[in-house]
Amino acid sequence: MSQFQIGDTVETIDDVIKGVVESIKGEKITILCNDGFSLDFLANELVCISNEIRVSNSEIAQIKKEKALPKPRKSTVLKVKERNAPKMEVDLHINQLMKNPKQVGKFEMLNLQLDTAKRQLDFAISKRIQKVVFIHGVGEGVLKEELGYMLRKYDNVKFYDADYQKYGLGATEVYIYQNS
């Protein structure tokens, strides 16, 4: 007779596989792993972790059935206004703002980028555009910091890092609260 019983929690000796004993046929033991797969092992390849909680065959079948069911996908529900709101993108990379950026110093570059951001934000506010994405790049973070300093002066905006999948760490999204 095997030292294992159906329902014992076991772990493999040579690997990091845990599961519950599902069936025993001589020295061959089938376990239901934590990830939902059934695997066969020899009795000498397993060690019993816990045999206090016994699981019946019907409970094992229920566990298998639950693992087989597809999990419902969580979808983020956007309000109609948010879905249809056009998002304005403003690229603040210096090579997008001037033809030959090597002719000016860093201070002038930064001022040009901030002036462009302020002008575009004021335009978005006047045209009632709710979202603006400022693409500033990663760099040393000076432009991002100065952009944040400028945006804090506005009462009707909140800003945060833009969508990482689309922009990485190099963009800031601004949400503009519209007054009725």
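The values are calculated or read from the model by the stated rules, or taken from the named source; none is laboratory data. Note that the structure is a prediction, hence the values are computed from the model and not measured. As a convention, Cβ positions derive from the backbone with ideal geometry for all residues, glycine included, and neighbour counts pool all protein chains shown.
Take the conditions touching a residue at least 40 places away in the same chain (Cβ under 8 Å), of a type in the set (G, A, S) and assigned to a helix (DSSP H, G or I) and apply them to A117. Does it pass? For A117, the condition - touching a residue at least 40 places away in the same chain (Cβ under 8 Å), of a type in the set (G, A, S) and assigned to a helix (DSSP H, G or I) - is not met. Applying the criterion of being assigned to a loop (DSSP other than H, G, I, E, B) and hydroxyl-bearing (S, T, Y) to the residues of region 131-180, the residue that is nearest to M109 (Cα to Cα) is Y154.
Condition check ((1) within 25 Å of the chain's Cα centre (by Cα); (2) among the acidic types (D, E)) across all residues:
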{"position": "F134", "(1), (2)": "yes, no"}
{"position": "E146", "(1), (2)": "no, yes"}
{"position": "R152", "(1), (2)": "no, no"}
{"position": "D161", "(1), (2)": "yes, yes"}
{"position": "G168", "(1), (2)": "yes, no"}
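For region 141-160, the set of residues classified as surrounded by fewer than 16 Cβ atoms within 10 Å (Cβ to Cβ), touching a residue at least 12 places away in the same chain (Cβ under 8 Å) and within 20 Å of N95 (Cα to Cα) consists of V142 only.
Please return the ranges of strands (runs of 3 or more DSSP E) entirely within region 1-86 where 1 or more residues are at pLDDT 75 or above and touching a Leu at 6+ places or on another chain (Cβ under 8 Å). Fully inside region 1-86 and qualifying: 9-12, 18-25, 28-33, 38-42. Only residues that are over 18 Å from Q96 (Cα atoms) and either exposed (fewer than 12 other Cβ atoms within 10 Å of the Cβ) or aromatic (F, W, Y) (or both) were counted across region 107-140, and they come to 6.
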